[in-house]
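Just so it is clear, none of the values below were taken in a lab; they were calculated from the coordinates. Every value quoted in this text rests on a predicted model; they were computed, and no experiment measured them. Ideal geometry is used to build each Cβ from the backbone, glycine not excepted, and the neighbour counts take in all protein chains shown.
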Amino acid sequence: MNINWFLIVSALMFALGAIGVLVRRNPLVVLLCLELMLNAGNLALLGFSRMWGDGDGQIFAIVVMVVAACEVAIGLGIVVALYRRRLPIDVDELRELAG
Amino acid sequence: MTSVLASVKGPEIDWAAFSPLLGLFGGALIVLMVGLSSPRVIRAHGVPALTIAAFGATIGLLIWEWNEQVSLIQDALILDRLTILITLLVCVAGIASTLLAWREQAAREIAHGEFFSLLLIAAGGMVVLAASRNLVTTFVGLELLSLPLYILCASRLRSERSLESGLKYLIVGSVGSATLLYGFAMLYGATGETDYAGILTQVVKEGLMGDALFLAAIGMTIVGLAFKASLAPFHQWTPDVYEGAPTPVTAFMSVATKAAALGVIVRLFFTALLPGVDDWRPAWIAIAVISILVGNVGALGQRSLKRMLAFSSIAQAGYLLVGVVVVTELGAEAVVLYLVVYLLANLAAFAVITVRERETGSDAIGSLRGLGARSPILAGAMTLAMLSLAGIPATAGFIGKFRLIEAAADGGYTWLGIVIVVGSMISLAYYLPVVAAMWRPDTEPGVDPATGRAVLAGGAQEAEAERGGWEATLVAAVMGAAILVFGIVPQPLFELVGDVLKGFGTG
Amino acid sequence: MSTQTAAWLVLAMPLAGTLIIALGGRILTPRMAGWIGTSAIAAAFAFAVVTLVKLQGLGEEERHVASSLWDLANAGGLRVSLGIYVDPLSVLMILVVTGVSALIHLYSVGYMSSDEGYTRFFAYLNFFVFSMLLLVLAGNLILLIVGWAFVGAASYMLISYWYRRTTATAAGIKAFVINVIGDIGLVLGTFFIVRQMGVVDFGPLFEGAHSEFAKNDPSLVAGMILILVGAFAKSAQVPLHTWLPDAMEGPTPVSSLIHAATMVTAGVYLIARLHPLFEWAPTAATVGAIVGALTLLIAGTIGLTVTDLKRVIAYSTMSQIGLMIMGVCAAAYVGGLFHLMTHAFFKALLFMAAGSVISAMAGQQSLDRMRGLRKAMPFTFGCFIAGGLALSAFPLMSGFFSKDALLFEVGQRGGGWIVFYVIGYIGSVMTVLYTWRMLYRAFWGDPCPEAVELEGGHLHHAHEHTNPANGEVEDTEVGFPGAEHHIAERTWQMKVAMSALAVLSVLAGLIYLPFGITDTFEKFLEPTFADSIVTHPANDGLEVFGVILTSVLAIGLIAVAYRIWAVGEGRATAWQQRLPLLHRLFVNKWYFDELLDLLFVRPIAWFGRFSRDSFERVVIDGALVGGTSGIVRAGSSAVRALQTGLLRGYAGLVMVGLAAVLLYFLIRAA
């Protein structure tokens, strides 16, 4: 399969993730969209790894998966803390710090 | 199964050269364990003391390895002068932040062990980042520094602002990480290599200089790194996060993250991406100029000191970039020198803010009123810090700025030097009011200067002094003295950062 | 004691004074702080005299001594040391600075004694003297820049000394900002020079200049013009002069010390110090002379129209410094520095006398309110007359000889420099007029209520203390400005300081008389300017002409001023009734006044108003200062408006930034 297909799909994923971060207001969905952006990078890495025929990209992708999991865990932790403080679960309401 | 394992050979590791990293990560583990112990005194005082010991041990190991240039783990990391200097900066910032955090509410809220071990892990991540010679380790280092900081920012679990800053930092920071990752993926796609040396040879060999994939990769890498160094227009998280995060964490972030980010920018762009210099230089120049303008202009009229320093740090990052874009040894030296100077001034300032915040509950500029009369040491340190950040002669800041301008002119970018000077002129308009506020007497005794409300009568003064803590005063005094001494006798600084590119790219 | 040791001690004294007063502020009584400050400067003066004696003991060829304590930095092939350079020029400067400063400290002990911030005042004042001495003794460009910046900071602190006055803090900030502009010019200029030469010490710098640069080398000219920007800012030259009149918000001793005698002359010193470089870049020197001449004229005309007593003297200072800058740029070094010295004496004296007058008027500074103070304050009047005569170059006063020497040396160069010679005399006309306008209006005529009160033996005190600049009521409870006033007639410290300066203003001319009668001053400075490549051909005719012209202008114009301002209309009516025979004469006088007014005073006054209103307010304050700060302010609100706190907005800007960077790189690739 041509490398271009991998790249197109991955670019679409990246753009979709970015749009999601821009338009969604629920932090949980925003976190999902961030995952999408990271996985777009992963897909590109795997595609290139296939193209070059070596394992570097695949190893990189596995490392990224670990990192992404950590990120989501921390994000969820903060969201739970927000929930416990009975704060709105909405990124637009987080405007205490501005100016 | 055994046969497969036998056929996989682990990489050679020079444990001596690897030891500074082990100091930090080992320290993090020990601190985490000790933090589980039940006596409160061990948790509240033993843990920070151990944290300082870990940072101190790392500095000791660094000095032991001072003249080494060793490539580690198959060139994934390198120990050279740049790594050592950045690690040194990170450790000094770590010790200072630990001292500032000793009585911090945040450490109590998420437990001391966790708080301080996260601090050590973030420091380790910074070292990995500055030492990395491979895209994978660069990314790992970056995340290793960012993830603990996300938590530390949100560590005042009962404060809405702290949680908000943590979530904002996490989301915006992750966008940056994803961008950087995508850039790295494209870099790997363009060259088929993940280590810097390999990328460099491949780019030169294949003549990839004008290649669209390679250039797009550079662009996304620039954006991702500009995020971490809080450069405009990727700076917007900075003021909010600096303001909301616990002050010791802000102090650590503002200094150490910047050092690590500038370290990796210098290493990546001076080696692997060097062939594309004509393409990436204008982009960095634009970012530097925008940062200097946005940072200085945004800091005007801020009421919160932390917010003001956040904008100021954006401008300072812009100054630092000037040393990068000239791509000379002098430029790299100027960057590291300026990092040292910036560290001294910022830590002094944040130490004073920490004390005042505990005493008055506010970080407004007005909360400094009358500080000169009550605590001349703190006020003196803050004055020196502000003057140094503004680059007034006889402070270390002047030496740093002078070196940057010299590097800019030497590299043929005199006009960037002038931009620095113009930025510094604007900056006087927000640094000097801070100095003026401190040496102005209190309006009326018995009134809380920050809120204008009357303070409770009797005994409040002693309690305030107790809450402020001597550790923060110590940090302020040491940093303030260093600003003055290096401002008058800068020769040791020049010698410290001399040969910063020694061993650069070897191995 | 060697020359170097003495010079280092000159520098150490005020530093020690600053530290003692600043650190011991709580232990010392205010009075002790004042005396410690004064004696520190007096000791510095004593050591300056020792330095002079030691230096004169050396052979003429050896009269430049460099000494360094330790290396500040040694990097990139550039060695910067903490070193001083002692030669006749710097010795002259330290003598003038320490001598005048010591007297002004003494004056301040009396004048400021009711001010609560007394200790702080002397700490600042000592720090200023230290910075100024560092500036003039600096042995290399870097240390000179440090002294230069310190002087600016000290000036800022002293102008804003009464920081409860909003006008004073605003004036301080204005002075600081303009000084910083100058500092930048100086730093960048230095950069141009040092980049080429690779040395910063004065000795090697001057020796190497001719081999490293071609004559009028573009980079040398650019560097020197940038350095001139520094000199212009510090010496209040057009268009960087607007801070000086505002700086009059500071206490009067500050105006006397900083804004008359010492700091503002730093630009003149700088040009004289770097004369080998300026002579090698004649274009830059010409630019300097033109700006000096412009300042001389513009400040002179403005001085004729302002009514604030201190501001008249301030504009006069600007104009006189313009004359000196023009002089030293035209290679009239000896005359220029001679005028610098005498000007320090008589202008400091005028400010001190003005301080005494302002005290008698209970803080009121407007000339419109002053009248007939002559009888009430005879001593102050005498000092004012001595200073005024010297300033207007009345024959045989110090100012007469120095201005004459300066303009003669300019005229000696002949050629195009004659233009500057003529401008110098036009400036003199205005100098005499504004000096005597001020004197006649304040001291002649019927006594104003305050003067009558003082004649009756009581010093006037206002019921309500107001800021003379904007009429705001001041809170004298906190003690600065203090509620009490002190006049020279009743305070011996002020009297001693003013007497000494009055004697100097009258007699200081004797050390350098025309026609070679005495040439002590010229001989003294000769070693410094021996390397000058500009020759001054003898021209006896011109010298005679100059002496006569200066005398005639001074005497004649004092008489003219008398007719215009002393013998006013009210006076005329009174005389008209008493002496009817003279009636016709006074009618004619009135006609003469109108004619004079129409032909002479009005155009100049109009031009002065025009310069003040349009030039300063619109062009300089509006366009240069206001415009820039407006842009900065607008930028600030824009940046802060973007900082909405809205997370999605931040992510959006990131995407925009990312798109821009990617677009750039893709265009590069295509």
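Quick one: Cα convex hull volume of segment A:3-90, Å³ per residue?
On the way: hull volume 4.8 nm³, N = 88.
Each residue corresponds to 54 Å³ of Cα convex hull volume.
Taking the Cα centre of each part, how many Å lie between segment C:86-164 and segment B:211-272?
45
Which of rounded, prolate, oblate describes segment C:133-216, given a ≥ b ≥ c as roots of the alpha-carbon gyration tensor eigenvalues and a/c under 1.5 marking rounded, otherwise prolate only if a/b is larger than b/c?
Working: a/c = 4.78, a/b = 2.61, b/c = 1.83.
Because a/c hits 1.5 or more and a/b exceeds b/c, segment C:133-216 counts as prolate.
In what sequence, highest mean first, do C:31-41, C:381-391 appear when ranked by Cβ atoms within 10 angstrom?
So the peptides C:31-41, C:381-391, ranked by packing, come out C:381-391, C:31-41.
For the modelled label position 7 Å from the Cα of C:T29 along Cα-to-Cβ, which residues of segment C:81-114 have backbone nitrogen atoms closer than 20 Å?
C:106-114
According to a simple spin-label model (label point 7 Å from Cα along Cα-to-Cβ), what is the distance in nm between C:R195 and A:I62?
Modelled inter-label distance: 5.4 nm.
Given the convex hull of the Cα atoms of segment C:172-248, what is a quarter of its surface area in nm²? The partial results should precede the final answer.
Details: hull surface 22.1 nm².
Over every viewing direction, the Cα hull of segment C:172-248 projects on average to 5.5 nm².
In what sequence do C:R441, A:R84, A:R95 fall when counting other Cβ within 10 Å, fewest first? Intermediate values should be presented prior to the final figure.
Details: C:R441 22, A:R84 11, A:R95 14.
Listing C:R441, A:R84, A:R95 from fewest to most nearby Cβ atoms yields A:R84, A:R95, C:R441.
Just want the ordering: C:D540, B:D240, from fewest to most Cβ atoms lying within 10 Å of their own Cβ.
Numbers: C:D540 8, B:D240 28.
Ordered by Cβ neighbours within 10 Å, fewest first: C:D540, B:D240.
Please report, in Å, the Rg and the Dmax of segment B:175-320, where both are computed over Cα atoms only.
16.4, 54
Could you let me know the centre-to-centre spacing of segment B:391-444 and segment C:521-536, using Cα atoms, in angstrom?
40
If you take the square roots of the eigenvalues of the alpha-carbon gyration tensor of the protein assembly as shown and sort them as a ≥ b ≥ c, do you get rounded (a/c under 1.5), prolate (a/b over b/c) or oblate?
Details: a/c = 2.33, a/b = 1.94, b/c = 1.20.
Taking the square roots of the gyration eigenvalues as a ≥ b ≥ c, the protein assembly as shown is prolate.
Given labels modelled 7 Å from the Cα in the Cβ direction, how far is it in nm from A:A11 to C:S114?
Roughly 8.2 nm, to one decimal.
Shielding of A:67-79 by partners, i.e. mean partner chain Cβ atoms within 10 Å per residue? Please list the in-between numbers first.
Working: counts 10, 5, 0, 6, 10, 2, 2, 10, 6, 0, 6, 14, 3.
Going residue by residue through A:67-79 and averaging, the value is 6.
Can you order the peptides B:114-126, C:498-510, C:212-224 by their average number of other Cβ atoms within 10 Å per residue, highest first? Spell out each step's value before the answer.
Values: B:114-126: 27.3, C:498-510: 21.2, C:212-224: 17.2.
Order by mean packing, descending: B:114-126, C:498-510, C:212-224.
Can you give the convex hull volume of the alpha carbon atoms of chain B per residue, in Å³?
Details: hull volume 72.7 nm³, N = 507.
With only Cα atoms used, chain B gives 143 Å³ per residue.
Quick one: Cα centre-to-centre distance for segment C:396-439 and segment C:537-557, in angstrom?
For segment C:396-439 versus segment C:537-557, the Cα centre distance is 10 Å.
Could you list C:H210, C:H486, C:H536, B:H112 in order of exposure, starting from the residue whose Cβ has the fewest other Cβ atoms within 10 Å?
Details: C:H210 15, C:H486 21, C:H536 18, B:H112 27.
Ordered from fewest to most neighbouring Cβ atoms within 10 Å, C:H210, C:H486, C:H536, B:H112 come out as C:H210, C:H536, C:H486, B:H112.
May I ask you to give the average projected area over all directions of the convex hull of the Cα atoms of chain C, in nm² rounded to one decimal?
Working: hull surface 147.2 nm².
Over all viewing directions, chain C projects a mean Cα-hull area of 36.8 nm².
In nm, give the distance between the simple-model label positions of C:T644 and C:E455, each being 7 Å from the Cα along the Cα-to-Cβ direction.
The answer from the label model is 7.5 nm.
Going 7 Å from the Cα of C:V656 along its beta-carbon direction, which residues of segment B:308-328 have the amide nitrogen within less than 20 Å of the resulting point?
Counting backbone N atoms under 20 Å from the label point, the list is B:311, B:314-315.
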